[in-house]
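Before any comments, here is the structure.
Nothing in this text is a laboratory measurement; each read-out follows from the coordinates by a stated rule. The structure displayed is predicted, hence computed values, not measured ones. Glycine gets a Cβ as well: all are built from the backbone with ideal geometry, and neighbour counts include every protein chain shown.
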Amino acid sequence: MGKFIIKTTSTGFTFSLKAVNGQIIATGGEIYNTISSVKGGIASVAKNAPEAAVEDQTVSAYETKSHPKFEIYKDKAGEFRFRLKARNGEVIAVSEGYVKKDSCKNGIESVRRNCVDAPVIEPIK
């Protein structure tokens, strides 16, 4: 089981999802104003990721999936990334860059496995 780590930033809060091995597999899609709102973002990831379809935008004539969904795309550096979108289409989590598409797909599966019932670690006050 992974864990969600809430971090304080200069303008609010963000989160990351860490796998059992300690690697960050996804980060929050925005900066949240309150602890309560960042926890809402975490809850949205835990709810949406397990049932989200995968839309591979790196192939021509890809099939558009409905939300929630993971979108696989290539960034400006040519690396594969994913973003998780909630039912309302809002980006709720993003990945690092991957050299290989299969690694990106493995990242999606890791998010699916690690987000369910993951504890939430709040910043120390």
Practice task
Return one number: the angle in degrees, 0 to 90 and rounded to the nearest 10, between the long axis of the Cα atoms of helix 101-115 and the longest principal axis of the Cα atoms of the chain.
Solution key: 30
Practice task
Quote the relative contact order of segment 40-125 in percent (integer), defining contacts as alpha-carbon pairs under 8 Å separated by 6+ residues.
Solution key: 25
Problem - Global geometry of segment 31-90, whether rounded, prolate or oblate, following the gyration tensor of its Cα atoms and the 1.5 cut on a/c - result: oblate
Problem - Net charge over other residues, Cβ less than 11 angstrom from the Cβ of A49 (K, R count +1; D, E count -1) - result: +3
Handout entry: Cross-link table K18/K39; K69/K100; K76/K100; K3/K74; K47/K76; K69/K101, entries beyond 23 Å C-alpha to C-alpha
Key = K3/K74; K47/K76
Completion exercise
Taking only the alpha carbons of segment 67-125, the radius of gyration and the largest Cα-Cα distance, Dmax, both in angstrom, are 13.1, 40
Practice task
Using the number of other C-beta atoms within 10 angstrom as an exposure proxy, rank T34, T8, T14 with the fewest first.
Solution key: T34, T8, T14
Practice task
Counting other Cβ atoms within 10 Å, keep those with at most 14, restrict to DSSP loop, and tell me which chymotrypsin sites (Phe, Trp or Tyr not before Pro) in segment 34-105 are left.
Solution key: Y62
Exercise for the section: Find the Cα radius of gyration of the chain, compare it with 2.2 N^0.38 Å by division, and give the number to two decimals. Expected result: 1.02
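Just add up the charged neighbours of V94: K/R +1, D/E -1, any other residue whose Cβ is under 9 Å from the Cβ of V94.
+1
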Problem - Residues with amide H under 5 Å from that of A93, placed H, sequence gap 5 or more - result: G29, L84
Practice task
Please sort by residue number the trypsin sites (Lys or Arg not before Pro) in segment 74-105 whose DSSP state is loop and whose Cβ has at most 13 other Cβ atoms within 10 Å.
Solution key: K76, K100
